[in-house]
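Shown next, in structure tokens, is the structure this report addresses.
The values are calculated or read from the model by the stated rules, or taken from the named source; none is laboratory data. All of these numbers come straight from a predicted model, not from anything done at the bench. Note that each Cβ is placed from the backbone with ideal geometry, even for glycine, and that neighbours are counted across all protein chains shown.
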Amino acid sequence: MQMLAENEYGLVREEVLGEGLSAIVIEHAKVNAKVSLYGGQVLTWQPKGEKEVFWLSKDSLYEQSKAIRGGIPLCWPWFGAHTDDLDNKEGNHGFARTQLWQLDHVTISELGVEINLSWQGESMSKLWPFSCQLKQVLYFGDSFKQSLTMTNLSQSDAYYTGALHSYFSVSSPEHIKVEALESASFDDKLSGKLCDPQPLNNAVGPIDRIYYTNAAMDIVDSQWQRVIKLKTSNTNQWVFWNPGVEVARNMADIHQHGEQGFVCLEAANTQMQLLSAGQSEKIEQEISIVS
Ligand code: TA6
């Protein structure tokens, strides 16, 4: 354990997560949280007096080259399978979630903790042969704020798709309503069809949809009597996912019945976005809890 920062409000330390992998642990008067440097991935956020906000699989692997299951994996520079990779040989969701990120700065204030992370690489994949830098600013307090700044360091334009793939901890998908999704059309990944807006009674899987809206969302959990409120900027879609019993059973890194404990609502750009040569783009989300 290495102490990284400490003052009268709280402390931030580094903890081993797996071989060669570590996490930043926040213990603060108002909030506890954990962020993996592997993947630059938020794992937990728990404002004092609240339940954990993010779901994290008890069977998640903490191994290089395997993505961590839960929290907020960063899907970048492509979401899902890359469109030029018909057999999905390069895998889902790009390479950002399996890179070792660097901790640049920690600020502990009376109301919470800000963590600044970065990662830089070049020619990471034949599907994305560019030089790039990613920066994240993560704020943990009563609310949670995340920004991801993507910079194209190459001399040619690039395109990306991506998502802040948040896994939210819920009482059960059965007790979840997300009304704001009901007025948007969506791509149903399971049927391959574009569907008109329709009622969504709960979040019971299998469900895998790309909703064409970026409106603010409320995840209403009637059993836990809490509302998770989400706002984003510079993303165009919401992805809504729960694997359901069968699919989850075949996923080695989801613990038994784990799919009964989460719903993913992901601030996403699922259609190609221009990242001009030498330029930066930023996507953001803000999450707060009403209970
Ligand atoms: O965001 C939904 C999704 O793209 C699903 O299709 C599902 O496969 C999920 O992400 C998890 O993907 P992963 O590569 O992390 O197993």
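Please work out if M272 is within 14 Å of the ligand (Cβ to nearest atom) and out of contact with any Gly (no Cβ under 8 Å at 6 or more places or on another chain).
No.
Output the qualifying pairs, or none if there are none: Cβ atoms under 6 angstrom, residues six or more apart or on different chains, first residue in the range 91-114 and free of Cβ contacts under 8 Å to residues at least 40 places away in the same chain and within 30 Å of K126 (Cβ to Cβ), second residue more than 12 Å from the ligand (Cβ to nearest atom) and not small (G, A, S).
If the second residue must be more than 12 Å from the ligand (Cβ to nearest atom) and not small (G, A, S), the pairs left are F95/M124; D104/N116.
Output the number of residues of the range 245-255 satisfying the condition of being part of a helix (DSSP H, G or I) and either within 11 Å of the ligand (Cβ to nearest atom) or within 16 Å of the chain's Cα centre (by Cα) (or both).
Going through the range 245-255 one residue at a time, the tally reaches 2.
For (1) surrounded by 15 or more Cβ atoms within 10 Å (Cβ to Cβ); (2) more than 16 Å from the ligand (Cβ to nearest atom), each residue gets a yes or a no:
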| site | (1), (2) |
| --- | --- |
| K177 | yes, yes |
| Q198 | no, yes |
| R209 | yes, no |
| K229 | yes, yes |
| T235 | yes, no |
| W241 | yes, no |
| Q285 | yes, no |
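Looking at the structure I just gave you, is A277 in a loop (DSSP other than H, G, I, E, B) and either under 17 Å from the mean Cα position of the chain (by Cα) or not charged (D, E, K, R) (or both)? Please lay out each step first, then the result.
On the way: in a loop (DSSP other than H, G, I, E, B): yes; either under 17 Å from the mean Cα position of the chain (by Cα) or not charged (D, E, K, R) (or both): yes.
Judged against the criteria, A277 is a match.
Any idea how many residues of the range 35-62 are over 23 Å from W241 (Cα atoms) and either in a strand (DSSP E or B) or at pLDDT below 95 (or both)?
2
Taking the condition in a strand (DSSP E or B), in contact with a helix residue (DSSP H, G or I) (Cβ under 9 Å, 6 or more places away or on another chain) and either farther than 23 Å from L74 by Cα or among the hydroxyl-bearing types (S, T, Y) (or both), does V220 pass? Step through it out loud before you land on a result.
Details: in a strand (DSSP E or B): yes; in contact with a helix residue (DSSP H, G or I) (Cβ under 9 Å, 6 or more places away or on another chain): yes; either farther than 23 Å from L74 by Cα or among the hydroxyl-bearing types (S, T, Y) (or both): yes.
Considered against the rule, which asks whether it is in a strand (DSSP E or B), in contact with a helix residue (DSSP H, G or I) (Cβ under 9 Å, 6 or more places away or on another chain) and either farther than 23 Å from L74 by Cα or among the hydroxyl-bearing types (S, T, Y) (or both), V220 comes out as yes.
Return the pair list, or none, for Cβ contacts closer than 6 Å from residues in the range 56-85 that are among the hydroxyl-bearing types (S, T, Y) to residues that are surrounded by 15 or more Cβ atoms within 10 Å (Cβ to Cβ) and in a loop (DSSP other than H, G, I, E, B), at least 6 apart or on different chains.
S57/R69; S57/D253; S57/I254; S57/H255; S60/I68; S60/R69; S60/D253
Could you list, in sequence order, all residues of the range 223-244 that are assigned to a helix (DSSP H, G or I) and among the polar types (S, T, N, Q)?
Selection gives nothing.
Any idea which residue in the range 149-175 is farthest from W45 (Cα to Cα), counting only those that are more than 16 Å from the ligand (Cβ to nearest atom) and part of a strand (DSSP E or B)?
Per the stated criteria, the residue is A158.
Here are some conditions: (1) within 24 Å of I283 (Cβ to Cβ); (2) surrounded by fewer than 18 Cβ atoms within 10 Å (Cβ to Cβ). S222 meets all but one. Which one does it not meet?
It fails just one condition, (1).
Considering only residues that are free of Cβ contacts under 8 Å to residues at least 40 places away in the same chain, over 14 Å from L103 (Cβ atoms) and surrounded by 13 or more Cβ atoms within 10 Å (Cβ to Cβ), which ones fall in the range 1-28?
Once the filter is applied, which keeps residues that are free of Cβ contacts under 8 Å to residues at least 40 places away in the same chain, over 14 Å from L103 (Cβ atoms) and surrounded by 13 or more Cβ atoms within 10 Å (Cβ to Cβ), the range 1-28 yields only E27.
Out of the residues in the range 70-98 meeting the condition of being surrounded by fewer than 21 Cβ atoms within 10 Å (Cβ to Cβ) and charged (D, E, K, R), tell me which one is nearest to the ligand (Cβ to nearest atom).
Per the criteria, the residue is E90.
Scan the range 63-113 residue by residue and report those that are part of a loop (DSSP other than H, G, I, E, B), of a type in the set (D, E) and within 25 Å of T235 (Cβ to Cβ).
The answer is D84, D85, E90.
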